[in-house]
Amino acid sequence: MTGLRERQKAGRRRDILAAASQLFRKNGFADTSVEAIAALAEVGTGTVYNYFSSKGDLLMALVALDGEQVRAKGKRYIASVSGDAATALYGLLAIYIDHSLVHLTKELWRNAMATAVTQAESPFGTGYAENDRMLAAQVGELVAALQAAGKVRGDLNATTAGAALFILVNGLFMQFVARDRMPKTEIHARLREQVAIFVGGLSESSGPQRKRA
């Protein structure tokens, strides 16, 4: 019975999140009420508050869901990655960009980013920062894998390089969500170019040669 109840709770939570995503997309964050989300999910308003403390909590849950799903895609990508370092790193960061609009719109990302900055010490702000930290760590995992394959310099800190690359893609992503008319093709072109420049500093030939025994 416990297992059944847990599955029911998980299913109800998914239904509420799906309803929130649909209404946020259709009406915008500000013009969507918790009551409307409850009605679409076919639950009581009180039930929504049993799972989420506020609309902001629902938005953060969608950000976290995006992060969870994109990290799963990234994990599969890293396990089977091939090609040169620039292509491999661009491919992972492109996954992050392409998945970003599955659950949220540009308007919702702007709202989430603004809340994360202005309320950095709140549960929302710390949750958003943790989501970014985990994505940056995954980029570092790919850098480490490329080091092991001899495709980038072995004397660099993979975690630091991953964090720097994530800052690069995050900056481009902020530009992307700030402009409703900016297409994915434009951000992908910029991303590919900037990753290629960055990787120039990770290649074995561009850095100081390591001392060999």
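The values are calculated or read from the model by the stated rules, or taken from the named source; none is laboratory data. Nothing here was measured: the structure is a model prediction, and the numbers come from that model. Glycine gets a Cβ as well: all are built from the backbone with ideal geometry, and neighbour counts include every protein chain shown. Calculation scope for accessible area: heavy atoms of the full protein, side chains included, ligands and nucleic acids excluded. Shrake-Rupley method; radii C 1.70, N 1.55, O 1.52, S 1.80 Å.
Look through the stretch 36-53, keep the residues that are open to solvent by 50 Å² or more (accessible area, probe 1.4 Å) and among the polar types (S, T, N, Q), and return whichever of them is nearest to residue 122 (Cα to Cα).
The extreme case among them is 53.
Hey, residue 183 hits all of (1) out of contact with any Lys or Arg (no Cβ under 8 Å at 6 or more places or on another chain); (2) crowded, with 19+ Cβ neighbours inside 10 Å but one; which does it fall short on?
Condition not satisfied by residue 183: (2).
Which residue, of 114, 61, 120, is in a helix (DSSP H, G or I) and either under 20 Å from residue 149 (Cβ atoms) or open to solvent by 30 Å² or more (accessible area, probe 1.4 Å) (or both)?
Only one candidate qualifies: 114.
Looking at (1) among the aromatic types (Phe, Trp, Tyr); (2) out of contact with any Leu (no Cβ under 8 Å at 6 or more places or on another chain); (3) open to solvent by 20 Å² or more (accessible area, probe 1.4 Å), can you tell me which one residue 109 breaks?
Just one mismatch for residue 109, condition (3).
Return the total of residues in the stretch 138-157 being surrounded by fewer than 21 Cβ atoms within 10 Å (Cβ to Cβ), part of a helix (DSSP H, G or I) and either touching a Pro at 6+ places or on another chain (Cβ under 9 Å) or not polar (S, T, N, Q) (or both).
5
Would you say residue 66 is open to solvent by 40 Å² or more (accessible area, probe 1.4 Å) and in a helix (DSSP H, G or I)?
Details: open to solvent by 40 Å² or more (accessible area, probe 1.4 Å): no; in a helix (DSSP H, G or I): yes.
Judged against the criteria, residue 66 is not a match.
Name the residues in the stretch 22-40 that are of a type in the set (Gly, Ala, Ser) and at pLDDT below 95, would you?
Correct list: 28, 30.
Return the total of residues in the stretch 18-58 being part of a helix (DSSP H, G or I) and either without any contact (Cβ under 8 Å) to a residue 60 or more places away in the chain or among the aromatic types (Phe, Trp, Tyr) (or both).
So the answer is 25.
Which residues, counting only those in the stretch 85-106, are touching an Asp or Glu at 6+ places or on another chain (Cβ under 8 Å) and in a helix (DSSP H, G or I)?
Within the stretch 85-106, 99, 106 qualify.
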